[in-house]
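Q: Sharing a structure with you now.
Each value in this text was obtained by applying a stated rule to the coordinates, not by laboratory testing. These numbers come from a predicted model, not from an experiment. All Cβ positions, even for glycine, are placed from backbone atoms using ideal geometry, and neighbour counts span all protein chains on display.
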Amino acid sequence: MNIIGKPRRRVDGRAKVTGQTRFADDLTLPRMLWCRLLRSHLPHARVDGVDTAAAAAARGVKLVLTGADFPIPYGILPVSQDEHALAQERVRFVGDPVAAVIATSEEAAQAAVQLLAPRYTPLTTISDAHDALATPAPQLHTYAEVGNLHKRVGFEFGDVDASFASAPHVFDDSFFYQGNTHLPIEQHATLAAVDGDGKLTVWSSTQTPHYLHRALAKALAMPAAHIRVIATPNGGGFGGKSDPFHHEIVVAGAALRTGRPVKICLSREEVFYCHRGRHPVDMRLRTATDACGKILAMDLETLLDGGAYGSYGVASTFYTGALQTVTYEIPRYRFRGARAFTNKPPCGPKRGHGTPQPRFAQEVQLDKIAVALGRNPADLRLEQLCKPNSLTANYMRVGTIGLGRCIDAVVEGSRFRERWGKLPRGRGLGIACSSYLCGAGLPIYWNKLPHSGVQLKLDRSGGVTAFCGATEIGQGSDDVLAGLVAEVLGIDPFDIRVVTGDTDLGPVDLGSYSSRVTLMMGNAALEAAGRARELIASAVAAELQLPVARLGFAERRVFDLEEPTRGLSFADAVIAAETRHGTLGTVGSYRPPDSAARYKGGGVGPSPAYSYSAAVIEVEVCPDTGWLDVTQVWIGHDIGRSLNPASVRGQVEGSVYMGLGEALMEESAFRRLPPKRSDALVHKFPSLLEYKSPTTREMPPCTTYLIEDPDPQGPLGAKEVGQGPLLPIMPAVANAVFDAVGVRVDEVPITPEKIVRALEEAARGRPARVGPTGFPDVGWPEPLRVAPPWEGGDGKAANETPRRPRPDKDAKDKQVPR
Amino acid sequence: MRAPSFRWHAATSLADAARALAAGGPRALLLGGGTDVVPAIKRRQYVPELLISLRQVAELGRLEPHGASLRIGAGVRLGALAADDRLGVGHTALRRAAGVVASPHIRNVATLGGNLCLDTRCNYYNQSLEWRRAVDYCMKAPAGVALAAPAGGTCWVAPGSPRCWAVSQTDCAPALIALGASVTLVSAEGQRTLPLADLYRDDGMTWLTRRPDELLAWVDVPAAARSTYWKLRRRGSFDFPVLGVAAAVELAGDVVTAARVVLGAVASHPVVVPTESLLGRPLGDDAIAAFAELATRLAKPLDNTDYQLGWRKRVTRAYVVGALRELRGDDPALLGVLARRQAALIPA
Ligand SMILES: Cc1cc2nc3c(=O)[nH]c(=O)nc-3n(C[C@H](O)[C@H](O)[C@H](O)COP(=O)(O)OP(=O)(O)OC[C@H]3O[C@@H](n4cnc5c(N)ncnc54)[C@H](O)[C@@H]3O)c2cc1C
């Protein structure tokens, strides 16, 4: 291979470093209007009306919109269509959009927003998941499963209680993982315009133009074929731009009403209110092991604080349980999860979607098991890794697994065996592992269509254009597309024009989420490029009178492999092909294999392949003040194959950086004012200054090992790298803190205050830890019982009740996960 | 976020600035580098009618010896100040403090005068107008805007308290007070010089003794024998201090003959710690420990900055001990993680 596997400059790199990339906020159109939103200043209230007269009369104001203008609900998941572009009868968090002003300048719009007079009747404030359990009424949403619990799920794979009853050891721990947010540097922005023929175009910083396309069609009651969504290059997404957002629908509606382009750029504070970030999760994890610490059964309970709306929350809830099984062998497994509605910005998918929280619990508990049983934590893990090409207890199909080699690499690099448990007080090492999806096996709305499509156009100029709905969010997907096509056609990635993220021009790709793009778009690109290569090869073979098999494609030539000087330039080869076949175009598409899980809810977790990571982290902790410095990180990532190692390293190290932020400082903290004095519940610091995220100063040296073991499901063997390497960081820090000063912080973030508190507990002779001491009573319903494969199961639940008919939903809008 | 409109006056001289300020009335606002004022205007903490820029006032940009002191103009940029080689070893506290304000970009614009006059800060106050509306505002800006604030409103840091508890988070003030600096204020009426410590009041709302018509012209800074500044913040850049410890000592042999220790960011004003107990004897471990105890008692951090207040109090003790041990000449390598953090992040 000439291109794949070699570190090289990204095709979109030059434009980005020279400031030429045009982000949504860089766009302007003639006669463009500006939009600003009025957001609720109350956490929970009935909206009795909005007096808009003064704002409508203000200078420069062209249009004022309220909830009445957007009566149709939408939402990213078919099962939770609970959002409106502007509030209807209720506001549910501080920041919930209520009304919009469209004016000739941003200043005028902002000034007029101050003149809007909303009238509210305050309702009870629900601050967190515990509050939601204790306060079933008033319900935030009447469609909630019970009270203010949005959704409860439960599965049992084998008789877990029986395993616990007979196990030599049982470990029972509670954890809390605080919420945090994506913090992309680019604030969301959207521009909408109506074409001369009445069609709508929306440019937006979105990771999911296809889902936005669907939401716009629904919320605006407009044919999807008349809407074009263009995802501008995102200045970072991390999951925070994966939902259809209020502001996108509002400016689209405003453009349709005014006939003029309408733009909005959110302030940083508003980005905090869009949120969809990491759910705060309470967890109880019980694990039964044999005498040596080998897992016999696991029992996990999770309670998610979902915020005010559904977002991806149902999927997030499933994800807090689904991927526990794909790392270590777990013969029997029970998982019960619930998501609560609270009066805060909605939580959703952030890098790792729902899995970092239980991963933290599992990896910290494994460390405790190792310490309790006198085992080295690296060995304890190595002894019970999932087997390649196996089915897990919950019917996830694991393919290649390079985790053993990842562990070996980081253990050797950090001299973990020689140094763990032996460093002087105040210094410590911690290890943790993880795994992640390479794309969700199912789309978010039920269909059997391709998940990704690629279309190639080749013409007599020798030019190749690759069209795909995939979205460049900074992760390097445009470069993956160009690199794969170039490799197959023997040209340079910079020869290819990449047209992505445009619903009019390219075939559908579901979006940049769930680490799906490299695998799914990549496979589609290989298919399309392979077909183009066949067309060219047949023409060149005829021209040179050679068998097709003797042709090579490289260095912009198509040539005789046995006599390489004989051949055509790539451009001439394309001319030959166009002469022979007519206008040239090929397509490729990809749809993941069917899942082995046939129980309801088994749709979340299956993936064509899983990536694996292992990390060792070294810390220094001040035993007096608890000050914590991360001094070095070693990380191994099982990438299958690196398509562009420079990009892969970037993703690994970016994940380490983001993981350290979650481990050490980031938190979506809220302030509830004294209830006797106020109903207020506000984000504590919706700003880049006070929402603490690490700077380059906090980034320690990081040694990265890329483990290559090509997976047959991936394009040329590639697996994901966008999310997985984040996951081991938080537990590795926690485990390192224990090694340094002997205390457990069973919470994220791990702050000096908490370390000091744990040290004080220890000094008083109490357990040397901070963290939750129990798990609330959620009132779990009966779990679905599915026998694991090795207990004669067939992937179906024994006690599944037939699905309730849902007359209000049409067939294609069926609930996913099934 | 966009700023509301205001009138603009670019002052050309100290006298011109003083005149404009006197004429401007209560809604006139001085602008140094604007690194604090501009974001505050966007958040509608201030809605000034007139901004008086000091950028072109040449007198304010000077830095020169003045007798045994250094005279530093209010317009001197913090980045330039931290790098100026007229600051000697005895000015280490100032060099360090100026060198750790905010981030390099901000230090390139921020002025010393702006730093010394910096508004007190609070997690309930340094927020957008919309955010503050959600908590029904606070005592410092009861109707949304702080300038010309009417009375009323709750201090959410200590509801029921009659005063505002916003925090003094300037880095340079504690350092300069520890060095024994004096400050000269100029108005259309004349000028007056006072010890820098006397510029500050223990009041989150009226944090300066500066009259509204006065502007800060320069500080005179004597050199101490030894001085240092330790700053606590979560990250190695950007963050305001949540604790600052400035210390300066004179030694005869190893006996302390004079000492000044000032705590920043633990009250509405820089807190000067009485140092009698340190005088007339060496900086022994016991003396340091007892003094650190006293300093910690005087630190009154509240729940309105980053980090929990109990922990900030605990670190006060560690920082005072660390700073005095540094001045005593202890090997920094023995001072632990926190000290290395100071050393690693602060230009020599
Ligand atoms: C992200 C960020 C981080 C920051 N971190 C820190 C930090 O770590 N430590 C710190 O100390 N500060 C910090 N600051 C605040 C600020 O940048 C500095 O205090 C800076 O020194 C202020 O100087 P300036 O010239 O920009 O002041 P300006 O913003 O121009 O003015 C600040 C105040 O001083 C008044 N003023 C200015 N000049 C005079 C004068 N000559 N006479 C009388 N009044 C005057 C103004 O009217 C205003 O009230 C930070 C700011 C930001 C945005």
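Q: Ranked highest first by the average count of other Cβ atoms within 10 Å around their residues, in what order do A:425-434, A:706-715, A:524-533, A:46-55 fall?
A: A:425-434, A:524-533, A:706-715, A:46-55
Q: Which of the listed residues, A:Ala338, A:Gly354, A:Val251, is farthest toward the dipole's positive end in the protein assembly as shown, when Lys, Arg count +1 and Asp, Glu count -1 at the beta-carbon?
A: With unit charges placed on the Cβ atoms, the residue in question is A:Val251.
Q: Where nothing but the Cβ of Lys and Arg (+1) and of Asp and Glu (-1) is charged, how large is the charge dipole of region A:262-311 around its Cα centre, in debye to the nearest 20?
A: The calculated dipole for region A:262-311 is roughly 220 debye.
Q: For region B:214-348, just say rounded, prolate or oblate: build the C-alpha gyration tensor, square-root its eigenvalues into a ≥ b ≥ c, call rounded for a/c under 1.5, and beyond that prolate if a/b exceeds b/c, oblate if not.
A: rounded
Q: Residue by residue through B:125-137, how many Cβ atoms from other chains fall within 10 Å of the Cβ on average?
A: 6
Q: Here is a follow-up. Tell me the angle of helix B:309-328 to the major Cα principal axis of chain B, expressed in degrees between 0 and 90 and rounded to the nearest ten.
A: Here the helix axis deviates by roughly 50 degrees.
Q: Near B:Gly33, within a Cβ-to-Cβ distance under 10 Å, what is the net charge of the other residues, with Lys and Arg +1 and Asp and Glu -1?
A: Computed value for this residue: +2.
Q: Right, here's the next one. Count neighbours as other Cβ atoms within 10 Å of each site's Cβ, and list the trypsin sites (Lys or Arg not before Pro) in region A:642-750 that are DSSP loop with at most 10 such neighbours.
A: Here the sparse-neighbourhood loop sites are A:Lys676.
Q: By DSSP, what percent of the beta bridges with both residues in chain B are antiparallel, rounded to the nearest 5?
A: Expressed as a percentage, antiparallel bridges in chain B total about 85.
Q: Still on this structure, I have one more. Under a Cβ-only charge scheme (Lys and Arg +1, Asp and Glu -1), can you give me the dipole magnitude of the protein assembly as shown about the Cα centre, in debye to the nearest 20?
A: Using only the charged Cβ atoms, the result is roughly 1460 debye.
Q: Taking +1 at the Cβ of each Lys and Arg and -1 at the Cβ of each Asp and Glu, which of A:Ser515, A:Gln632, B:Cys122 sits farthest along the dipole of the protein assembly as shown towards its positive end, judged by Cα position relative to the Cα centre?
A: B:Cys122
Q: Additional query: Report for region A:296-411 the percent antiparallel among DSSP-assigned beta bridges with both residues inside it, nearest 5.
A: 25
Q: Averaging sequence separations of C-alpha pairs under 8 Å and six or more residues apart, then dividing by the length of region A:87-234, give the relative contact order as a whole percent.
A: Computed value for region A:87-234: 11 percent relative contact order.
Q: How large is the dipole of region B:81-238 about the Cα centre if only Lys and Arg carry +1 and Asp and Glu carry -1, each at its Cβ, rounded to the nearest 20 debye?
A: 560
Q: How well do other chains shield peptide A:675-688, expressed as the mean number of their Cβ atoms within 10 Å of each residue Cβ?
A: Per residue, the number of nearby Cβ atoms from other chains is 4 on average.
Q: Still on this model: Taking the dipole about the Cα centre of the protein assembly as shown, with the C-beta of Lys and Arg at +1 and of Asp and Glu at -1, give me whichever of B:Thr209, B:Tyr307, A:Ser477 is farthest to the positive side.
A: The listed residue farthest towards the positive side: B:Thr209.
Q: Follow-up question, since we're still on this one. I need the Kirkwood Rh of chain A: take the reciprocal of the average 1/r across all distinct C-alpha pairs and report it in angstrom.
A: With all distinct Cα pairs of chain A included, I get 27.6 Å.
Q: For the residues A:His226, A:His150, what sequence is obtained by ranking on other C-beta atoms within 10 Å, fewest first?
A: The fewest-first ordering by Cβ neighbours comes to A:His226, A:His150.
Q: Further question on the same structure: Place a point 7 Å from Cα of B:Arg297 in the direction of its Cβ. Which residues in region B:303-329 have their backbone N less than 20 Å from it?
A: B:310-322, B:324
Q: A:Glu418 to A:Lys16: FRET efficiency via 1/(1 + (r/R0)^6), r the Cβ-Cβ distance, R0 45 Å, to the nearest 0.05?
A: FRET efficiency, A:Glu418 to A:Lys16: 0.60.
Q: Grab every C-alpha pair in chain B, bin the distances at 20 angstrom width from 0 up to the longest one, and report whole percents.
A: 31, 58, 11
Q: If you average the sequence gap of Cα pairs under 8 Å that are 6 or more apart and divide by the length of region B:201-261, what percent do you get for the contact order?
A: 23
Q: Hey, another quick one. Equivalent-ellipsoid semi-axes (√(5λ), Cα gyration tensor) for region A:220-301, whole Å, largest first?
A: 46, 15, 12
Q: So if each residue of separation counts as 0.36 nm, and I subtract the Cα-Cα distance between A:Thr579 and A:Gln545, what length gain in nm does that give?
A: Residue separation times 0.36 nm, minus the Cα-Cα distance, leaves 10.6 nm.
Q: Using the structure shown, list the pairs from A:Lys263/A:Lys457; A:Lys350/A:Lys387; A:Lys684/B:Lys300; A:Lys199/A:Lys263; B:Lys42/B:Lys313; A:Lys16/A:Lys218 with a Cα-Cα distance above 23 Å, or answer none.
A: Flagged as over cut-off: A:Lys263/A:Lys457; A:Lys350/A:Lys387; B:Lys42/B:Lys313; A:Lys16/A:Lys218.
Q: Under 5 Å between amide hydrogens, which residues at least 5 positions from A:Asp509 or on another chain qualify, with H placed 1.01 Å from N in the peptide plane?
A: Those lying under 5 Å, H to H, from A:Asp509 are A:Gly453, A:Gly469, A:Ala470.
Q: Same structure, new question: Let me confirm one metric for peptide B:336-342, namely the mean number of other chain beta-carbon atoms within 10 Å of its residues' beta-carbons.
A: 5
Q: Fewest first, what order do A:Phe775, A:Phe416, A:Phe238 take by the number of other Cβ atoms within 10 Å?
A: A:Phe775, A:Phe416, A:Phe238
Q: With an 8 Å cut-off on Cα pairs and a minimum separation of 6 or more residues, tell me the relative contact order of chain A in percent.
A: 16
Q: If you don't mind, another one. Calculate how many DSSP beta bridges within chain A are antiparallel, expressed in % of all such bridges and rounded to the nearest 5.
A: Of all bridge pairs located within chain A, approximately 75 percent are antiparallel.
Q: Once fully extended, how much extra length lies between A:Arg9 and A:Arg46, figured as 0.36 nm per residue of separation less the alpha-carbon to alpha-carbon distance?
A: Gain on stretching A:Arg9 to A:Arg46: 7.9 nm.
Q: Pop out the ³J(HN,Hα) list for region A:783-799 in order, Karplus 6.51 cos²θ - 1.76 cosθ + 1.60 with θ = phi - 60°, rounded to Hz; leave Gly and Pro as x.
A: Residue by residue, region A:783-799 yields x, 6, 9, 10, 6, x, x, 7, 10, x, x, 10, x, 9, 7, 6, 10 Hz.
Q: Working out 0.36 nm times the residue gap between A:Asn447 and A:Leu505, then minus their Cα-Cα distance, what length gain in nm do you get to one decimal?
A: Using 0.36 nm per residue and subtracting the Cα-Cα distance, I get 18.7 nm.
Q: So the label point goes 7 Å from the Cα of A:Glu329 along Cα→C-beta, right? Which residues of region A:355-395 then have their backbone N under 11 Å from it?
A: Those under the cut-off are A:383-388.
Q: Please work out the FRET efficiency for the pair A:Glu791 and A:Met699, using the Cβ-Cβ distance as r and a Förster radius of 41 Å; give the result to the nearest 0.05.
A: That pair, A:Glu791 with A:Met699, gives E of 0.30.
Q: At R0 = 51 Å, how high is the FRET efficiency between A:Glu534 and A:Leu29 if r is their beta carbon distance? Nearest 0.05 is fine.
A: Rounded to the nearest 0.05, the efficiency is 0.75.
Q: By count of other Cβ within 10 Å, fewest leading, how are A:Arg286, A:Arg31 ordered?
A: A:Arg31, A:Arg286
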